[in-house]
Structures are given as C-alpha cells and as structure tokens.
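Colleague: Have a look at the structure that comes next, please.
The values are calculated or read from the model by the stated rules, or taken from the named source; none is laboratory data. For clarity, every value in this text was computed on a predicted model and none was experimentally measured. Using ideal geometry, Cβ is built from the backbone for each residue, glycine included, and neighbour counts are taken over all protein chains shown. Note: accessible area is taken over every heavy atom of the protein model, side chains too, but ligands, DNA and RNA are not part of it. Shrake-Rupley method; radii C 1.70, N 1.55, O 1.52, S 1.80 Å.
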Amino acid sequence: TGRIANGIQIFPGSVPIYDSTGNLLGGIGVSGDGVDQDDMISFLGVHNAGVLLRATIQGDVANAPIARRADKIPLPGQPGNVRLSYIRCPFSPFIDSNEQSPCNGK
C-alpha cells in the first residue's frame, strides 16, 4: 500500500552533517514555509557553517559526501536507474538577487 513497514517518515528539510573525513557528526532539520525552502535552508546552512568555521576557527563540518547522497545510490531491485531525491532547492529563490540554483556544486 505504499507504507514504509518500519514507520520511518520521509519528509524534506533535514540533512546529515559530516566532517571532512566522512564521519557522520549529526544532522539538522528545519520546517517553515514550504518543503523546497526547508531543504534549501538546511543544506545551505550546513554548507555555509562549514565555510565560516574553516575560515575562522579551523572547524570542520560539511554536507554529506556526494557519493553518499541518496540521489547517487541506485535502489536495489528497481528497474532502470531509479534513485531517491536528496534535496531540492528552488530556482532563483532570493529576493533582490540574481543568484540561481544556489545549491548546485555544494
């Protein structure tokens, strides 16, 4: 019937937090105006925190390594190239900015 047998709820707005060696440190989740915005805020929040920490106190946090992201892992037993979504960021989400696709390349 489409239910997940173990009770896990799949809902956007959270991402894991890793260090540069690939160790999982924890995670962050947000809920606000909409699911695309929730994904973007959590993803960019971790990315920007890592940039700030590396620039100031030599800290080390980052988003999941690209190879570990859900959209890079094929689902076993599924035909073709079926993959889960990792995050979704709205196109051109900021008022008074020309920045488009702010999550690409991070």
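Colleague: Given the options Ser14, Ser31, Ser85, which has the most mean-square fluctuation in a GNM of the chain, springs set between C-alpha atoms less than 10 angstrom apart?
Modeller: Ser85
Colleague: Angle check, please: helix 35-56 long axis (alpha carbons) against the longest principal axis of the chain (alpha carbons), in degrees 0 to 90, nearest 10.
Modeller: For helix 35-56, the angle is close to 40 degrees.
Colleague: In Å², and per residue, what accessible area does the chain have when probed at 1.4 Å with the other protein chains present?
Modeller: That works out to 70 Å² for each residue.
Colleague: Just how large is the dipole of segment 57-99 about the Cα centre, in debye to the nearest 20, putting +1 at every Lys and Arg Cβ and -1 at every Asp and Glu Cβ?
Modeller: That gives a dipole near 320 debye.
Colleague: While we're here: Mind checking the dipole of the chain: about its Cα centre, +1 per Lys or Arg Cβ, -1 per Asp or Glu Cβ, Debye to the nearest 20?
Modeller: Magnitude of the dipole: close to 460 debye.
Colleague: Set Lys and Arg Cβ to +1 and Asp and Glu Cβ to -1, take the dipole of segment 39-102 about its Cα centre, and tell me which of Ile73, Gln100, Gly50 lies farthest positive.
Modeller: Farthest towards the positive end: Ile73.
Colleague: While we're on this one: D for the chain, whole µm²/s, Stokes-Einstein with Kirkwood Rh over alpha-carbon pairs at 10 °C and 1.306 mPa s: what number? Don't skip to the answer; put the middle values down first.
Modeller: On the way: Rh = 15.4 Å.
Here the translational diffusion coefficient equals 103 µm²/s.
Colleague: Segment 20-106: which chymotrypsin sites (Phe, Trp or Tyr not before Pro) are DSSP loop and have at most 16 other beta-carbon atoms within 10 angstrom?
Modeller: Phe91, Phe94
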